[in-house]
1. Among the residues of region 189-221, write down those that are without any contact (Cβ under 8 Å) to a residue 40 or more places away in the chain, under 16 Å from residue 235 (Cα atoms) and among the small types (Gly, Ala, Ser).
2. Among the residues of region 46-64, how many are of a type in the set (Gly, Ala, Ser) and more than 13 Å from the chain's Cα centre (by Cα)?
3. Residues in region 125-138: is at least one among the aliphatic types (A, V, I, L, M) and on the phi < 0 side of the Ramachandran plot?
4. Of everything in region 104-156, what is at pLDDT below 95 and among the acidic types (Asp, Glu)? Give them in sequence order.
5. Return the residues of region 48-98 that are closer than 22 Å to residue 149 by Cα, basic (Lys, Arg) and not in a strand (DSSP E or B); say none if nothing qualifies.
6. Among the residues of region 118-147, what is the count of those that are without any contact (Cβ under 8 Å) to a residue 40 or more places away in the chain and within 28 Å of residue 73 (Cα to Cα)?
7. Among the candidates 112, 132, which residue alone is in contact with a helix residue (DSSP H, G or I) (Cβ under 8 Å, 6 or more places away or on another chain), crowded, with 20+ Cβ neighbours inside 10 Å and more than 24 Å from residue 211 (Cβ to Cβ)?
Amino acid sequence: MLADGQVTLRDERVGETFHPVIGAMKEARQLYVEQTFLGSCWNLPSTGKKTVWDVGLGAAANLTAVFEAWSEGAYGDLDVESFDTDWGALSFALTHVKEHPASFSYLKDLDWEQMMRDQALLIHRAKRHFYWKFHQGDFRTTCTNPGLGKPDLIMYDLYSAPKSPGLYSLGHWKKLKEQMGEHPCLVVLHTRSTVVRVTMALAGWYLGAGVGLGEKEETTLAASQAGVLRKPFGRDWLAKVKRSTSASPLLEDGKAAGPIADVWLEQLERHPQWAG
């Protein structure tokens, strides 16, 4: 139970709690809506279709927060591609809505029965549309499904790197960066881990600090192209990496991190974000 009386979910298989400090919807709005273009774009007549990848559907709080922001606007279409290994967290939350309405009442506005049956949903609002599709399986595989639109925003809400290192590895982030091509994409992550940030930078992503969240003074924003981040890290962040005792990139599943080796540091310093 959280400090404000809400309940949250915990996956005992991996030993991690969902939204452990401020609750699901407050966290989702702060991370994925208020600090990104999704908080304002829907009231701009110039807004076209936006595509969001919801990586880690869980109990669907992130999806719902994004849908609510779109619903309150007047312009633009929204396509959301959700990824997860199963429906477990969402199914559990749906069975406890009446028992814990303060915690799961956000689930009342969408037809989850239809969505879980069809694994897709299309809603029309005037001349606008909201389209959603579910992709079940390992994200490293499902992210290459045919027909996927390139995302403008990725909500990367998976278990932490120590629990699922393959989904934070250098090889994975390189492939995802290559998949984006020249398309500008923003990635939002809960973590402030130097290891994860170094790994992403070595894969070619641009880095910056995200909003503080609960007990965390900051989270992480990453972008596929220069110019997407409002406040990218400066060279002072590299000095922090040099001092860190845990800054070696994640090269493979379960590889332990240590201080960054010179070969990686040299490559990091050649990144366009800091070079010159």
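1. 208, 209
2. We begin by selecting, within region 46-64, every residue of a type in the set (Gly, Ala, Ser); these are 46, 48, 56, 58-61.
From what is left, the residues that are more than 13 Å from the chain's Cα centre (by Cα) are 46, 48, 59.
Result for region 46-64: 3.
3. Within region 125-138 (the criterion being among the aliphatic types (A, V, I, L, M) and on the phi < 0 side of the Ramachandran plot), the answer is no, since none of the residues qualifies.
4. Within region 104-156, 109, 111, 113 meet the criteria.
5. 49
6. So the count comes out to 10.
7. Numbers: 112 fails: crowded, with 20+ Cβ neighbours inside 10 Å.
It is 132.
The values are calculated or read from the model by the stated rules, or taken from the named source; none is laboratory data. This one's a predicted model, so the numbers in the text were calculated from it and none came from an experiment. In this analysis, Cβ positions are derived from the backbone assuming ideal geometry, glycine residues included, and neighbour counts consider all displayed protein chains.
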